[in-house]
Amino acid sequence: QVVLAESGGGLVRAGGSLSLSCQVSGKTTDITALAWYRQGLGKKRELVAQIEFGENTSYLDSVKGRFTVSSNSAKSALYLQMNNLEPEDTAVYYCHAVAYHADWDSGERYWGQGTQVTVSS
């Protein structure tokens with residue numbers, strides 16, 4: 001099992017910056033990907049940035065050049081540095097993990113509880 005806990009959300013003016021953190025615990029060695037999703041009010045949840053370990057890092061087109069996702073070699077943390085924030089970035093941001101547990105031959109997806117990011121105009 002993997003447990004995720006986000007922190008770092010808040011209120012910021014347009015053009016400002018925020019940094020999100022996600023503490024990852026449990027069977028982190030089974031993790032194959034970590035990602036940030038977001039869900040605005042009345043909108044579908046969307047993938048913002050993802051790290052597929054040993055493969056690539058990808059971003060939502062609208063955040064490219066503004067957001068940077070990073071992790072560590074232990075897969076025990078996930079970060080999202082958000083610069084030049086826009087009101088359209090307002091959403092609840094969720095940490096997400098994909099893991100393959102060889103012990104019981106099962107792929108699983110895990111979610112954090114979410115953290116609110118509000119960008120005022």
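The values are calculated or read from the model by the stated rules, or taken from the named source; none is laboratory data. The structure displayed is predicted, hence computed values, not measured ones. As a convention, Cβ positions derive from the backbone with ideal geometry for all residues, glycine included, and neighbour counts pool all protein chains shown. In case anyone asks, the SASA skips ligands and DNA or RNA and just uses the protein heavy atoms, side chains included. Shrake-Rupley method; radii C 1.70, N 1.55, O 1.52, S 1.80 Å.
Quick look at the numbers
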| read-out | value |
| --- | --- |
| Boolean, Val98 is surrounded by 13 or more Cβ atoms within 10 Å (Cβ to Cβ), in a strand (DSSP E or B), modelled with pLDDT of 95 or more and touching a helix residue (DSSP H, G or I) at 6+ places or on another chain (Cβ under 7 Å) | no |
| Meets criteria (modelled with pLDDT under 95 and either more than 28 Å from Ser106 (Cα to Cα) or in contact with a helix residue (DSSP H, G or I) (Cβ under 6 Å, 6 or more places away or on another chain) (or both)) for Gly16 | no |
| Test result for Ala74, in a loop (DSSP other than H, G, I, E, B) and over 13 Å from the mean Cα position of the chain (by Cα) | yes |
| Segment 1-13: number of residues that are open to solvent by 50 Å² or more (accessible area, probe 1.4 Å), of a type outside the set (A, V, I, L, M) and not in a loop (DSSP other than H, G, I, E, B) | 2 |
| Residue check for Ala49: open to solvent by less than 70 Å² (accessible area, probe 1.4 Å), out of contact with any His (no Cβ under 8 Å at 6 or more places or on another chain) and farther than 25 Å from Gly15 by Cβ | no |
| Conditions (1) more than 26 Å from Ala102 (Cα to Cα); (2) surrounded by 14 or more Cβ atoms within 10 Å (Cβ to Cβ); (3) not charged (D, E, K, R); number of the one not met by Gly42 | (2) |
| Selection within segment 1-60 - without any contact (Cβ under 8 Å) to a residue 40 or more places away in the chain and among the β-branched types (Val, Ile, Thr) | Ile51, Thr57 |
| Criterion: among the small types (Gly, Ala, Ser), part of a loop (DSSP other than H, G, I, E, B) and surrounded by 13 or more Cβ atoms within 10 Å (Cβ to Cβ) - qualifying residue of Gly16, Gly65 | Gly16 |
